[in-house]
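Everything below concerns the one structure shown next.
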Amino acid sequence: MAMELLNGSLKIEIFYDRRDKEYEDNICLCIKESGPEEEKVFYASETNLYIKPEDARRLAEMLFEAADRSSHATR
């Protein structure tokens, strides 16, 4: 799964990394950033964060909660 943010200059991919199946933290959040250096959020053009399944579920819950609150606030 991948999505682009900030007019396409930030790409986020989330995937199960089969190469790391023996490790607990085998879900990768890959963040790729393009664009002018002075506008970049990250130092590197690609950053990979590996998290555990329970952390991925918690992150999803937090995103859903924030989206729900945002939707309700704009009504």
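The values are calculated or read from the model by the stated rules, or taken from the named source; none is laboratory data. Remember, predicted model here, so these are calculated numbers, not experimental data. Quick note on the areas: whole protein, heavy atoms, side chains included, nothing else; ligands and nucleic acids left out. Shrake-Rupley method; radii C 1.70, N 1.55, O 1.52, S 1.80 Å.
Suppose we filter the range 1-20 for residues that are over 20 Å from GLU39 (Cα atoms), in a loop (DSSP other than H, G, I, E, B) and open to solvent by 100 Å² or more (accessible area, probe 1.4 Å); how many remain?
Adding up the residues that qualify gives 1.
I'd like the residue in the range 21-75 that is of a type in the set (Asp, Glu) and open to solvent by less than 70 Å² (accessible area, probe 1.4 Å) and, out of all such residues, is nearest to LEU5 (Cα to Cα).
GLU33
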